[in-house]
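Engineer: Take this structure first; my questions come after.
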Amino acid sequence: MKLHCEPLSPADIPQACDLFAEVFGHSTVPAHWIWKYQQGPRLAGLNLIIRNTEGQLVGHVGASVFAGQTQGRRLPMAQLSDVMVAPSARGSFDSQGVYAQLMRSMEQTLQAQFPGVFAYGFVGIRPYRLGSRMGLYKSQHECRAGLMAAGQPAGWRDWFCTAQAIDWPEAFESKLFERVWQSSAPRIERPTLVRNSDYMRWRYAQHPQHTYQLWVIRSWGQTQGWVVTRCMPSGQHTVIDLLPAQPGSMAQASTRRALSAVGRVLQARQPQDPVTLSAWNIQTPESQQLEPIIGVEFRVGQWHTLLQPPVFVPGDTDVF
């Protein structure tokens with residue numbers, strides 16, 4: 001079969017949703033697809049497909065390109081997602097197979113439209129090993145969820161860090177994200193998406209399926225950042241987004257205090273039931289034993305060897 005990559009047309013979105021269900025074992029709908037690839041303050045939404053000789057869609061790779069930054073300069077960032085090959089088309093994983101053709105075409109498309117782009121994705125161990133062998137992926141961040149018990153502050157400084165739950169409309173009206181982002185962005189040295197009001201509105205407030213709680217974090221009465229949580233179907237509260245989220249002992253202590261403040265409020269709401277927070281920013285001996293999801297750089301032209309690796313949060317994916 002001679003393979004040919006082409007852009008996904010709007011009329012093919014239902015068929016792409018069918019392929020999603022076939023490959024991943026759970027469904028998606030056109031409304032969610034459109035939100036993920038066409039809406040928000042994106043620089044581009046790219047979808048490449050391959051058909052078999054009968055015209056059926058048997059391969060797909062998508063990319064959502066948003067404004068990012070690193071070390072005070074602009075950096076287009078592209079998340080690859082929904083890398084899908086139908087079972088009937090998985091006979092070959094060499095350079096001429098569906099998978100290789102999709103990834104090569106996406107690399108060429110990104111390189112042509114967004115020179116210097118930092119492309120990334122989130123893959124399991126087996127896809128990572130395949131992509132790594134083919135020279136497509138380089139590990140940037142192993143993503144594991146650690147648990148943090150909510151309760152009393154761990155140290156006296158924690159008492160001066162507070163979390164307040166606010167509604168999304170109030171946050172946009174007060175220009176919370178512009179104020180916090182403008183003060184935090186110059187200190188962020190690692191690649192990160194620009195988290196302004198337009199991005200936060202699309203990613204969280206307008207999500208077609210999930211509901212997110214926004215928390216304003218204050219220290220000694222001054223606004224320091226935010227945390228976004230989601231109550232998962234299991235009842236577990238998961239930290240989806242937070243700012244700032246940078247490595248280093250001082251930043252880690254600040255993050256721990258912020259999450260402790262959120263946990264205290266959640267615990268006060270249901271004092272009879274123990275509350276725990278799940279977060280990629282929390283690592284415990286138990287979480288270190290978990291099989292990670294690998295946050296990878298996808299090679300576009302050449303690796304970004306001069307950049308520090310990003311520190312991802314669940315909100316950087318299209319799943320949580």
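Engineer: Using Cα-Cα distances under 8 Å and only pairs 6 or more residues apart, what relative contact order does the range 1-60 have, in percent?
Structural biologist: Across the range 1-60, relative contact order equals 41 percent.
Engineer: What are the extents of the Cα atoms of the range 76-153 along their three principal axes, in Å, largest first?
Structural biologist: 57, 32, 20
Engineer: Restricting things to alpha carbons, tell me how big the range 1-43 is in terms of Rg and Dmax, in Å.
Structural biologist: For the range 1-43, the Cα radius of gyration and maximum Cα-Cα distance read 12.2, 38 Å.
Engineer: Still on this structure, I have one more. Solvent-accessible area per residue for the range 172-276 at a 1.4 Å probe radius, Å²?
Structural biologist: Ligands and nucleic acids excluded, the figure is 48 Å² per residue.
Engineer: Taking only the alpha-carbon positions of the chain and ignoring solvent, what does the Debye formula give for the base-10 log of I(q)/I(0) at q = 0.09, 0.13 Å⁻¹?
Structural biologist: Debye curve over Cα of the chain, log10 I(q)/I(0) at q = 0.09, 0.13 Å⁻¹: -0.49, -1.00.
Engineer: Restricting to Cα pairs below 8 Å that are 6+ residues apart, what does the relative contact order work out to for the chain? Please round to a whole percent.
Structural biologist: Over the chain, the number comes to 22 percent.
Engineer: Leaving out ligands, DNA and RNA, and with a 1.4 Å probe, what % of the accessible surface on the chain is carbon or sulfur?
Structural biologist: 51 percent
Engineer: Given only helices, namely DSSP H runs of n ≥ 4 each adding -39500 (n - 2.57), what is the per-residue ellipticity at 222 nm of the chain, to the nearest 500 deg cm²/dmol?
Structural biologist: That comes out to -8000 deg cm²/dmol.
Engineer: Let me check against my output: what whole-number percent is the relative contact order of the range 1-126, with C-alpha pairs under 8 Å and at least 6 apart?
Structural biologist: 22 percent
Engineer: Per-residue HN-Hα couplings for the range 297-310, Karplus 6.51 cos²θ - 1.76 cosθ + 1.60 at θ = phi - 60°, whole Hz, x for Gly and Pro?
Structural biologist: So the Karplus estimates, Gly and Pro as x, are 8, 9, 5, 10, x, 8, 6, 8, 6, 8, 8, 6, x, x Hz.
Engineer: May I ask for the distance between the Cα centers of the range 74-128 and the range 258-320, given as a whole number of Å?
Structural biologist: Value for the Cα centre distance between the two parts: 24 Å.
Engineer: Also, quick follow-up: Give the separation of the Cα centroids, the range 161-210 to the range 1-32, in Å.
Structural biologist: Centre-to-centre (Cα) distance: 31 Å.
Engineer: Let me ask you something else. For the range 4-107, state which GluC sites (Glu not before Pro) are in a DSSP loop and have at most 12 other beta carbons lying within 10 Å of their beta carbon.
Structural biologist: Answer by residue number: E54.
Engineer: So for the range 1-111, considering every pair of alpha-carbon atoms, how many percent are separated by more than 24 Å?
Structural biologist: Tail fraction, whole percent: 26.
The values are calculated or read from the model by the stated rules, or taken from the named source; none is laboratory data. Nothing here was measured: the structure is a model prediction, and the numbers come from that model. So basically every Cβ, Gly included, is an ideal-geometry build from the backbone, and we count neighbours across all protein chains shown. Surface accessibility is based on the protein's heavy atoms, side chains included, excluding ligands, DNA and RNA. Shrake-Rupley method; radii C 1.70, N 1.55, O 1.52, S 1.80 Å.
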